[in-house]
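The values are calculated or read from the model by the stated rules, or taken from the named source; none is laboratory data. Keep in mind that what you see is a predicted model, and the values were worked out from it rather than measured. Here Cβ is always computed from backbone atoms with ideal geometry, including for glycine, and neighbour counts include all displayed protein chains. Areas reflect the complete protein model, heavy atoms only, side chains present, ligands, DNA and RNA absent. Shrake-Rupley method; radii C 1.70, N 1.55, O 1.52, S 1.80 Å.
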Amino acid sequence: MKNKGSLFEKFQKLGKVLMTPVMILPIVGILMGVGSAFTSANIVQSFSFLQIEVVQLFFKILKAMGTTVLNNLAIIFAVSVAVGYAKKEKGIAALSAMIGFLTMHNVMSTILIGLGKLDPSALKTGQSLVLGIPSLDAGVFGGILVGLLVAYLHNKYYKIQLPPIFSIFSGTKFIPVITIISSAVLGLFMSFVWPLFQNVLSYMGQIIYNSGAAGSLIYGVSERALLPFGLHHFIYLPFFFTNLGGSMVIDGTLYEGAVNIYNAMLAAKDVMFDVNITRFIMNGKVVMAMFGLPGAALAMYHCAKADKKKATKTLLIAAIIPCFFTGITEPIEFAFLFVAPILFVVHAGFSGLAYLLTYLFNVNVPGPSSFGGPFLSTIFNGIMQAGKGSNWIWIPILGVFFFAMYYFTFRFLIQKFDLKTPGREDEDTQNYDDVIKTDDIISEIIAGLGGQDNILSVDACFTRLRVKVKEKELVLDDRGWKALGASGVVRVQDGVQVIYGAKADVYKSQIREVLAMD
C-alpha cells in the first residue's frame, strides 16, 4: 500500500507541475482568439475600420504574441517541470532545463542527418524545426522528459563536492555540465525510440479519432471522473499536445495535437473547423460549465434551509463565477463532491453527455481556460468565428436543456436522499454564521495543521492547499476547516489537501513565508 500511495502522490505532483505551463495559456487563447477573429476575412469585410492598415497590424501583433507561447510550449514544459520538482536552487534548474532541451534536439538532429533519416530542407511527418533546429517533433513529451531528467540530476547533485582539480564545477555549477552529458544520451536514445513511439501514437490516435460519438462520451466522463483524484490532467493533456488529438496539414504545415491544430485553423483564412479536433479541447465543457453547473447551483440554493439561503447564495455565486467565465469548475464541484458523492457521479455522466451532444451537433467552440474559458471562447471562437463553422448557436440551445437537466436531477436527488449540500447541514455540523473571520487566517490555518513543528511541506495546485504533516492526528477536523472557510478536505497518506479555491496558491505562499520555507 505504501508503494501505491507513493506512486499516486507522484502522479498528483506531476499533474500539478504540468498545470503550470497549461495555465499560461488563458491569455494566449484570448490573444489568439481576438487577433485571429479581427484578422479573419469575413470579419474584416464586415467592418470597414478593420481594413485600416494600422488596425490590422495591431491585431496581427496580438496573434503573434499568442503564437510566441504556442510555438515554444515544449521548452516551457521542460523548464516548468524542472523548476516544479527542484528542491532548492530553482533558477539553476530552469537554466539547465533550457540547456538540456537544446542539447537533446541538437544531438537528435546531428544523428538523424548523419544517418540520412532527416533532410533539413524537406522535413517529413514527425519532424520539425524546434527553436531553429531540424529535429524530431517530440512535442511537450520531449520537454517533460528533459524536465524530469534535469530535476533528478539537480536534486541529486546540486550540493556535490568534486575533487580539488575539478572543484570549480562543484555544487550548482555541476548541474549544467551533467545536464549536457545526460541530455546528449537522451538525444541518442530518442533518435531511435521516438520514431517508434510516434508510430504507436499515430495508430492509437487514429483508433480514438475514428471512435466518433462513443469516444467523445468516454472522453468527457473520464475527464470529470478523475477530478477528485487530481489525475484528470492525464486524460486531456496528451490529446491537447500530441497526435493522439489528431494531425493535420494546414497551409503546408503539419500540426499535431488538438490545441495546435485548432489554433492553426483559427489563424488560417480558408480552413473550416473540424469537430473531430474540437471534441478533444473540451467543446462539451462549454455547455457543462456555462449552463449545467449553474443549474446544479440553483438546485442547491432552492434546497437550502430558509435560514441559510442567504449565506448559501453567497457561497454558490462565488463558486459559479469562475466556473462560468473561466471554466474553473472545482469550487462548485467541491461544494457537493464530499457531502453528496452521488451528485458527482451524476455530474460526470452528464459531462460525458455534453461531449457526446456537442460532437453530434458539430459544436466547434473549445471550453478550457487555455482558450479564455467557456464564456470568452464562445464570444471569440464561437460567435466571431461563425463563418468557420463554429456552430455556436447550439450552445444556448443545448445549454437550456442542460441547465434544466442538472437543476431537476440535483433537486430531486437532494430532496429524495436528504443530501447535505450547502445550506442543508444538520445544526450540529456546519453553520455559516460560525465561519471564522480573522485578519490572521494564515496563523489559524497553521494552527489547524497541527502547528509549525507538525508541517513538513506546503504546496498548492489550482484549488487545493497540499500539506504534508508529521502526525495527521494533530490536524483539524472537517468541521474546523469549514469554519476556516475551506470548501472541503481530502485526507491522503501523508497529509491533507484543503480545498480553498483560488485562494490556495496565495495561502501557500503566505504559509511558506511565515514558516521560512523555500
- Query: Restricting to segment 258-291, what's the tally of residues that are modelled with pLDDT under 90, under 24 Å from residue 360 (Cβ atoms) and small (Gly, Ala, Ser)?
  - Reply: 0
- Query: Any idea which of (1) at pLDDT 90 or above; (2) not in a helix (DSSP H, G or I) is the one residue 75 doesn't satisfy?
  - Reply: (2)
- Among the residues of segment 162-194 satisfying the criterion of being modelled with pLDDT under 90 and either open to solvent by less than 40 Å² (accessible area, probe 1.4 Å) or touching a helix residue (DSSP H, G or I) at 6+ places or on another chain (Cβ under 8 Å) (or both), which is nearest to residue 143 (Cα to Cα)? 194
- Output for Cβ contacts, cut-off 7 Å, separation at least six or different chains, first residue modelled with pLDDT of 85 or more in segment 246-257, second in a strand (DSSP E or B) and aliphatic (A, V, I, L, M), reads 247/254; 255/248
- Unmet requirement for residue 87, which otherwise passes all of (1) within 21 Å of residue 253 (Cβ to Cβ); (2) in contact (Cβ under 8 Å) with a residue 24 or more places away in the chain; (3) basic (Lys, Arg): (1)
- Does residue 80 fit the bill of being touching a helix residue (DSSP H, G or I) at 6+ places or on another chain (Cβ under 7 Å), assigned to a helix (DSSP H, G or I), among the polar types (S, T, N, Q) and at pLDDT 90 or above? yes
- Message: Go through segment 358-406 and report how many residues are modelled with pLDDT of 95 or more and in a helix (DSSP H, G or I).
- Response: 16
- Would a scan of segment 166-173 turn up a residue that is more than 22 Å from residue 237 (Cα to Cα) and among the β-branched types (Val, Ile, Thr)? yes
- Task: Any residue in segment 54-78 that's on the phi < 0 side of the Ramachandran plot: show its pairings with residues that are open to solvent by 90 Å² or more (accessible area, probe 1.4 Å) at Cβ separation under 7 Å, as long as the two are six or more apart or on different chains.
- Result: 55/49
- Restricted to segment 115-147, and to residues that are open to solvent by less than 70 Å² (accessible area, probe 1.4 Å), small (Gly, Ala, Ser) and without any contact (Cβ under 8 Å) to a residue 12 or more places away in the chain, which residue is nearest to residue 238 (Cα to Cα)? 132
- Message: What's the number of the only condition in (1) open to solvent by 10 Å² or more (accessible area, probe 1.4 Å); (2) among the hydrophobic types (A, V, I, L, M, F, W, C); (3) within 21 Å of residue 335 (Cα to Cα) that residue 474 fails to meet?
- Response: (3)
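Is it fair to say residue 306 is open to solvent by 40 Å² or more (accessible area, probe 1.4 Å) and over 23 Å from residue 497 (Cβ atoms)?
Values: open to solvent by 40 Å² or more (accessible area, probe 1.4 Å): yes; over 23 Å from residue 497 (Cβ atoms): yes.
So residue 306 fits the description; yes.
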- Query: Which residues, taken from segment 217-274, are touching a helix residue (DSSP H, G or I) at 6+ places or on another chain (Cβ under 6 Å), part of a helix (DSSP H, G or I), of a type in the set (Val, Ile, Thr) and open to solvent by 30 Å² or more (accessible area, probe 1.4 Å)?
  - Reply: 221, 235
- Note on the structure: Considering residues that are open to solvent by 40 Å² or more (accessible area, probe 1.4 Å) and among the polar types (S, T, N, Q), the number found within segment 63-111 is 6
- Message: Can you tell me how many residues within segment 395-416 are open to solvent by 30 Å² or more (accessible area, probe 1.4 Å) and β-branched (Val, Ile, Thr)?
- Response: 3
- Query: Pick from 483, 460: which is closer than 16 Å to residue 512 by Cβ, in contact (Cβ under 8 Å) with a residue 40 or more places away in the chain, among the aliphatic types (A, V, I, L, M) and open to solvent by less than 80 Å² (accessible area, probe 1.4 Å)?
  - Reply: 460
- Message: Scan segment 125-138 and tell me whether some residue there is among the small types (Gly, Ala, Ser) and assigned to a helix (DSSP H, G or I).
- Response: no
